[in-house]
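Written out below as C-alpha cells is the structure these notes cover.
Values quoted throughout were computed directly from the atomic coordinates according to the rules given, and no laboratory measurement underlies them. All values reported here derive from a predicted model rather than from experimental measurement. Here Cβ is always computed from backbone atoms with ideal geometry, including for glycine, and neighbour counts include all displayed protein chains.
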Amino acid sequence: MSDQDRFGVAFSSDGDNSNQNGHNPVNTDSAHQSKGLTTDNARFHEARLDSDFRDKVRNLRSSRLAEQGRKALLQHLWVRTDELHGRASTREIRERSNLTGAFGTGANSINLILTQPFFAALSGPVVGTLIGVGVYWLSNLSQKIAVRAADERRPWGNRGYLGFVLLSILQTGLSPWGTALLLFRSDLNNQLAERVVVEFVNSDVQFEVEAAKEKKKLAVEKQEECDDLLTEYNQKKNAGDLAYDRPFILALGKYMANEPANRWAGIPIGSLPACPAADRLEIEADAQMEQAQKLVSRRNAEIQTGYGDSYVTYLKVERPDLFEAYFNSSILGTRIRSGVTELAEAQALVVSGKSGPTLVMIVFTLLSAITSYTALALTFYHSKDPLVRQSWSALALSRQHQVVTGQTENSLNGSDRHE
C-alpha cells in the first residue's frame with residue numbers, strides 16, 4: 001500500500017473517529033455565532049426575570065402601603081377595647097375599656113349625624129360629608145390618644161384629651177343647626193318661599209307697606225315738631241313775650257274763632273302747619289297700611305285656597321322662574337339651592353321660637369351634650385386609673401407573664417404528683 005493510500009485511510013479513520021467521538025465537521029464561525037446568540041438570549045431572559053421581580057416587589061410594596069393606609073383610616077372609625085388599655089390588663093380594665101370605647105363611639109356617631117347636614121350645607125354634600133366623617137374620625141382618635149395619657153412616657157396624651165373636649169364642644173354647639181337641616185327641611189323651604197313671595201310676587205304691596213311706614217315716620221317727626229312749637233308758645237305767652245303768636249301760627253295756623261272742620265282739606269301737606277300735617281300724615285299712613293294688609297291677606301287666602309300653606313308649591317306652579325332660582329328639585333325632594341341661604345334659614349328657625357321645632361332641637365342638643373359629657377368623663381377617669389397606667393408598663397406585663405407562667409408550672413407539678 002502506498003503512502004497516499006495510508007494517508008487516505010488515516011484521514012478516513014480520523015474522520016470516523018471524530019464522528020464516533022461526537023464531533024461534527026462544521027464551520028468554526030457558525031459555532032461561535034451560535035454560542036454568542038445563546039449567551040445573549042440567556043442575558044435577555046435574566047434581565048427580563050429581574051424586571052419582572054422588581055415589578056412584583058414594587059407592586060407588593062405599593063399594595064402593602066395601600067393596605068396600611070386603608071387600615072390606618074379604618075382603624076379610627078370606631079374605638080376598640082384593646083386600644084384603651086395596655087397588654088398587662090385585668091378583666092375589670094378590659095370591661096371598663098369596652099364601656100368607655102362604646103360610649104365614645106356612640107357619642108361621636110350621634111354628633112356625626114347631627115353635624116353632617118351643617119357641613120354639607122356649608123361645603124356641599126360630598127365635601128361636607130368628608131368633613132363630618134373627618135371630625136368623627138379625629139374625635140375617635142383623640143379619645144384613644146387621651147387614654148394613652150395614662151402612660152407617663154406619652155405626655156402628648158393630655159393634648160389628645162384637650163382635642164377630644166374641643167371637638168365635642170364644637171359638635172354639640174352645631175347640633176341645633178344640624179337638627180334643623182336634618183329634620184325640618186320642609187319648614188326651611190317654606191320660610192324661604194314665603195319670603196320670596198313677599199319680595200317678588202307681592203312687590204307692589206311691599207312698596208305700599210314701605211311707603212306707609214315712611215309716612216308714619218314723617219307723622220311722628222311732625223308731631224314732635226308740633227309739640228315743641230306748642231311748648232314754645234306757652235312759654236312765651238306766660239313770659240309776656242309779644243312774639244308768642246309766631247310758634248302758634250307755625251303749629252296750628254292763624255287763629256280762627258270758629259274754625260271749620262275742613263279748613264285744611266285740599267291743601268298739600270308741605271303747606272300745612274305742623275300739627276295738621278302730623279294728623280294728615282298719620283291718617284294717610286294708617287289707611288295705606290290697612291289697604292296693603294288687606295291686599296296681602298287676600299293674596300295669601302288665594303294661595304292657601306289653591307296650595308294650602310305650601311308657598312313652595314305655589315312658586316313651583318305659578319312662578320317656576322323664581323322656583324328654579326332659589327330651589328333645586330330632585331328625587332331626594334326639594335332643597336334650597338344655596339347652602340349659605342339654607343344656613344340662614346336654619347338660623348332663622350333656631351331663633352324663631354316655634355314650639356315644635358324648638359323643642360326637638362333642644363332635645364337633640366341635650367342628647368349630644370349628655371352623651372359627649374359622659375364620654376369625656378369616662379375617658380378622663382379611665383385614663384387616671386392606676387391599673388390602666390400599669391397596663392401600659394413593660395414591667396407589669398413581665399410580672400403578669402411570670403405569674404401566669406408560675407401558675408401553669410404549679411398546676412403541671414401538681415398533676416405530676418397526683419400521677
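Listed cross-link partners 294/354; 144/384; 222/254; 215/254; 216/237 are compared with a 24 Å cut-off, the Cα-Cα value being larger for 294/354; 215/254; 216/237. The base-10 log of I(q)/I(0) for region 187-263, evaluated at q = 0.15 Å⁻¹, reads -0.70 [Debye formula, identical scatterers on Cα atoms, solvent excluded].
Among the GluC sites (Glu not before Pro) in region 150-234, those located in a DSSP loop and surrounded by at most 11 other Cβ atoms within 10 Å of their own Cβ are 152. Taken about its Cα centre, region 192-338 carries a charge dipole of about 220 debye when Lys and Arg each add +1 at the Cβ and Asp and Glu each add -1 at the Cβ.
Of the trypsin sites (Lys or Arg not before Pro) found in region 174-274, those in coil by DSSP whose Cβ has at most 15 other Cβ atoms within 10 Å are 254, 263.
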